[in-house]
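**Q** Please find one structure pasted underneath; my questions will follow.
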Amino acid sequence: MATPVTTASGTFGYGTEYLGAVDYAKLGAVTVKGIRAEAWPGNPMPRHAVVPGGLVNAIGLQGTGLARFLATTVPWYRKQVGEKAPPLIVNIWGGSVEEYADVARQLTAAQNPLIGAIELNVSCPNVKAGGHTFGQDPAVLEEVVAAVRAATTLPLIVKLAPNVPSIVPYVRACEKGGADALALINTIPAMVIDVERRRPVLANVTGGLSGRAIHPVAVKLVYDAHKATRLPILAMGGVYEAKDAIEFLLAGATAVAVGSATFTNPGTAAEVYDGLVAYCERHGFAAVRDLTGALDA
Ligand SMILES: Cc1cc2nc3c(=O)[nH]c(=O)nc-3n(C[C@H](O)[C@H](O)[C@H](O)COP(=O)(O)O)c2cc1C
């Protein structure tokens, strides 16, 4: 990544939706919406609700599927953004370990120089194991990470779920499975009720909370993970301004992703990058990387 700022999966479409609204030269990578082997319709509407400090979404991983992504989406991204287009971090998911590995294998075989890394979303149901999510059992997590590791030579980032008693066993599972980096955090399970209608607001009943409200939770998890591992950490969760990104870096992150903030200000990621550079100048840091883990605690 030429800069330590990327977009968070699911909040920046397939990379072209914000053309003209953000300076791509300030993005170290563009992380795209979750992709699985087949096209996927997602959940019925309504699938998001705005709450104080963020939003609750249950999009349900709507996506084009891998074949169309490779044949159409990536070339379109290259054409629209131009030859300086930042590399793509391709967020992938699947209903089984085999599907994850298959998607990773195909992404690798495509040998497209724009595909810079794979980000594994393990917060989705394991159909073969009764619907438990892959990311909530360290043994299953290690299995899926190892299977993807064996299927790809691309850098492998594993995106962890925040709703676990301790992040450390999951960090270990990623290390053992052969991950190159961690991403923290995915959304936090949540629910919103319409009291007048006495019904859940989301058609899916529950969803995931993102935005400012989850930022301190994410900072703590990044801090815990950094203490436990030398793997680089891509941090996300409520980055709305440079200060939020700096918190993540000081807690131990190497790079940050901007998610929900993009919905209200599409230029956020670029502004965060500018703010990081200004902070380094103001505090005498030669490079943003020198901020990683530089916490006086
Ligand atoms: C509308 C929406 C869709 C999302 N889709 C995905 C996805 O497909 N895959 C994934 O790993 N995370 C997905 N996420 C989670 C984000 O990438 C990010 O981890 C989370 O929103 C926290 O960052 P934020 O508070 O800056 O939004 C989605 C989040 C939102 C709000």
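**Q** Extending each Cα 7 Å along its Cβ direction at Met191 and Gln136, get the distance between those two points in nm, one decimal.
**A** For the pair Met191/Gln136, the computed spacing is 1.3 nm.
**Q** If amide H atoms are built 1.01 Å from N in the plane of the peptide, which residues on other chains or at least 5 residues away come under 5 Å of the amide H of Ile35?
**A** Correct list: Asn91, Ile92, Trp93.
**Q** Another question about this same structure. Given a Förster distance of 30 angstrom, what is the FRET efficiency for Val205 paired with Ala150, based on the Cβ-Cβ distance and rounded to 0.05?
**A** On the way: r = 37 Å, r/R0 = 1.23.
Using R0 = 30 Å, I get an efficiency of 0.25.
**Q** What are the residues whose amide H is under 5 Å from the amide H of Ala190, where those residues sit 5 or more places off or on another chain and H is modelled from the backbone?
**A** Gly207, Gly208, Leu209
**Q** Considering Cα pairs under 8 angstrom that are at least six residues apart, work out the relative contact order of the stretch 16-102 and quote it in whole percent. Could the numbers behind the result be given before it?
**A** Working: 110 pairs, mean separation 36.8, N = 87.
It comes to 42 percent, rounded to a whole number.
**Q** Tell me the relative contact order for the stretch 34-161 as a rounded percent, counting alpha carbon contacts under 8 Å between residues six or more apart.
**A** 23 percent
**Q** Starting from the Cα of Ser96, step 7 Å along the direction of its Cβ; do the same at Val127; then give the gap between the two resulting points in nm.
**A** Each label point lies 7 Å from its Cα, and together they span 0.8 nm.
**Q** Another question, then. Mean residue ellipticity at 222 nm from the helices of the chain, using -39,500 (n - 2.57) per DSSP H segment of n ≥ 4 over the full residue count, to the nearest 500 deg cm²/dmol?
**A** -9000 deg cm²/dmol
**Q** Out of the stretch 51-159, which chymotrypsin sites (Phe, Trp or Tyr not before Pro) are coil in DSSP terms and have no more than 14 other C-beta atoms within 10 Å?
**A** Hits after loop and neighbour filter: nothing returned.
**Q** Pick out, in residue order, every one of the trypsin sites (Lys or Arg not before Pro) in the stretch 78-142 that is DSSP loop and has at most 10 other C-beta atoms within 10 Å; say none if there are none.
**A** Qualifying residues, ordered by number: Lys84.
**Q** While we're here: What is the chain's relative contact order, in percent, from Cα pairs under 8 angstrom and six or more apart in sequence?
**A** Reported relative contact order: 19 percent.
**Q** Could you rank the peptides 141-151, 264-274 by their average count of other C-beta atoms within 10 Å per residue, with the highest value first?
**A** Ranked from most to least packed, the peptides come out as 141-151, 264-274.
**Q** Please calculate how many Å² of accessible area the stretch 5-291 carries per residue, with a 1.4 Å probe and no DNA, RNA or ligand atoms counted.
**A** Details: 12430 Å² over 287 residues.
Value returned for the stretch 5-291: 43 Å² of accessible area per residue.
**Q** So how strong a dipole does the chain carry about its Cα centre when Lys and Arg Cβ are +1 and Asp and Glu Cβ are -1, to the nearest 20 debye?
**A** Approximately 360 debye in magnitude.
**Q** Measure off, as a whole percent, the carbon and sulfur share of the 1.4 Å-probe accessible area of the chain, all protein chains present. List each step's numbers first, then the result.
**A** Numbers: 7300 of 13160 Å².
Carbon and sulfur: 55 percent of the exposed surface of the chain.
**Q** Within the set Lys79/Lys243; Lys128/Lys176; Lys26/Lys227; Lys128/Lys220; Lys26/Lys176, which residue pairs have Cα atoms separated by over 27 Å?
**A** Over 27 Å Cα-Cα: Lys79/Lys243; Lys26/Lys227; Lys128/Lys220; Lys26/Lys176.
**Q** Now, a different point. At 7 Å along Cα-to-Cβ for each site, give me the label-to-label distance between Gln62 and Asp274 in nm.
**A** Between Gln62 and Asp274, the simple spin-label model gives 3.2 nm.
**Q** Can you classify the chain as rounded, prolate or oblate using the Cα gyration tensor, where a ≥ b ≥ c are the square roots of its eigenvalues, rounded means a/c under 1.5, and otherwise it's prolate if a/b beats b/c and oblate if not?
**A** It comes out rounded by the Cα gyration axes.
**Q** OK, next. Convert each backbone phi in the stretch 162-169 into a coupling constant with the Karplus relation 6.51 cos²θ - 1.76 cosθ + 1.60 (shift: θ = phi - 60°), then list the ³J(HN,Hα) values in order as whole Hz, x for Gly and Pro.
**A** Values per residue, Gly and Pro as x: x, 8, 10, x, 9, 7, 4, x Hz.
The values are calculated or read from the model by the stated rules, or taken from the named source; none is laboratory data. Just so it is clear, the structure is predicted and the values come from calculations on it, not from any experiment. Glycine gets a Cβ as well: all are built from the backbone with ideal geometry, and neighbour counts include every protein chain shown. The area values use the complete protein model at the heavy-atom level, side chains included, leaving out ligands, DNA and RNA. Shrake-Rupley method; radii C 1.70, N 1.55, O 1.52, S 1.80 Å.
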